[in-house]
1. Residues in the range 72-85: is at least one small (Gly, Ala, Ser) and not assigned by TED's automatic domain parsing to the domain that holds Glu13?
2. Scan the range 116-135 for residues that are within 21 Å of Leu101 (Cβ to Cβ) and at pLDDT 95 or above and jot them down.
3. Please work out which residue is surrounded by the fewest Cβ atoms within 10 Å (Cβ to Cβ), limiting yourself to the range 79-124 and to residues that are part of a loop (DSSP other than H, G, I, E, B) and acidic (Asp, Glu).
4. Examine the range 62-71 for a residue that is part of a helix (DSSP H, G or I) and of a type outside the set (Asp, Glu), and state whether such a residue exists.
5. Give the residues of the range 12-32 that are without any contact (Cβ under 8 Å) to a residue 24 or more places away in the chain and either over 15 Å from Val58 (Cβ atoms) or touching an Asp or Glu at 6+ places or on another chain (Cβ under 7 Å) (or both), sorted by residue number.
6. Can you name every residue in the range 138-154 that is exposed (fewer than 12 other Cβ atoms within 10 Å of the Cβ) and outside any loop (DSSP other than H, G, I, E, B)?
7. Quick one: in the range 24-61, which of the residues that are closer than 30 Å to Ile147 by Cα and not in a helix (DSSP H, G or I) is farthest from the chain's Cα centre (by Cα)?
8. Condition check: closer than 21 Å to Val68 by Cα, more than 16 Å from the chain's Cα centre (by Cα) and not assigned by TED's automatic domain parsing to the domain that holds Val116. Does Ile11 satisfy that?
Amino acid sequence: MLRKFDRVVEILEANKRDPARLIPILQQVQEFYRYLPEEILTFIATTLCIPPAHVFGVATFYAHFTLVPKGEHTCKLCDGTACHVRGSEHILSALRSELKLTDSGKNTTDDMKFTVETVSCLGACGLAPVLVIDEKVHSNVTPEKAIELVREIC
């Protein structure tokens, strides 16, 4: 069980166990695990001598952080006004169908390969509709193009 915390200890030491560096610590932990496991957050709080509620508060306040596991590849589909008007809901339906995410509320494939999320705005309205896969921006996306992009990864 201690092995599970080895990487977290390295991250904490690299950040000099400084409570003021909580956000960078959480970012690095999430980069490693692809989410923030509850027991890791408690371990961080204990190690930094800060209340667990504070660590959980930071982890749940910022949209960047997640407490649930995400897939190896993340697809973020913009559903802001420009993207929505240009058909983002059809792209979302196509992606969910292709990846067999038929259960409402289920965003990650069973094999943990893909997570599909919608975001309020990516700030690229002139490129609408926009799909970001693993930090790469794809513009003027159609449902067919979205499926093609996902299949290229498989």
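The values are calculated or read from the model by the stated rules, or taken from the named source; none is laboratory data. Everything numeric in this text was worked out from a predicted model, so none of it was measured. Quick reminder, even Gly has a Cβ in these numbers, built from the backbone with ideal geometry, and neighbours come from all protein chains shown.
1. First, the residues of the range 72-85 that are small (Gly, Ala, Ser): 80, 82.
Right, trim to not assigned by TED's automatic domain parsing to the domain that holds Glu13 and you get 80, 82.
The answer is yes; a qualifying residue exists.
2. Answer for the range 116-135, where residues must be within 21 Å of Leu101 (Cβ to Cβ) and at pLDDT 95 or above: Val116, Pro129, Val130, Leu131, Val132, Ile133.
3. First pass over the range 79-124, keeping only residues part of a loop (DSSP other than H, G, I, E, B): 79-80, 86-87, 99-107, 109-113, 120-124.
Checking which are acidic (Asp, Glu) leaves us with 79, 103, 110-111.
Details: Asp79: 20, Asp103: 8, Asp110: 10, Asp111: 10.
That would be Asp103.
4. no
5. Glu13, Ala14, Lys16, Glu31
6. Residues satisfying the conditions are Glu144, Arg151, Glu152.
7. In the first step, residues of the range 24-61 are kept if they are closer than 30 Å to Ile147 by Cα; the result is 27, 30-36.
After this cut, where a residue has to be not in a helix (DSSP H, G or I) as well, the list is 34-36.
Numbers: Arg34: 7, Tyr35: 7, Leu36: 10 Å.
The selected residue is Leu36.
8. In short, yes.
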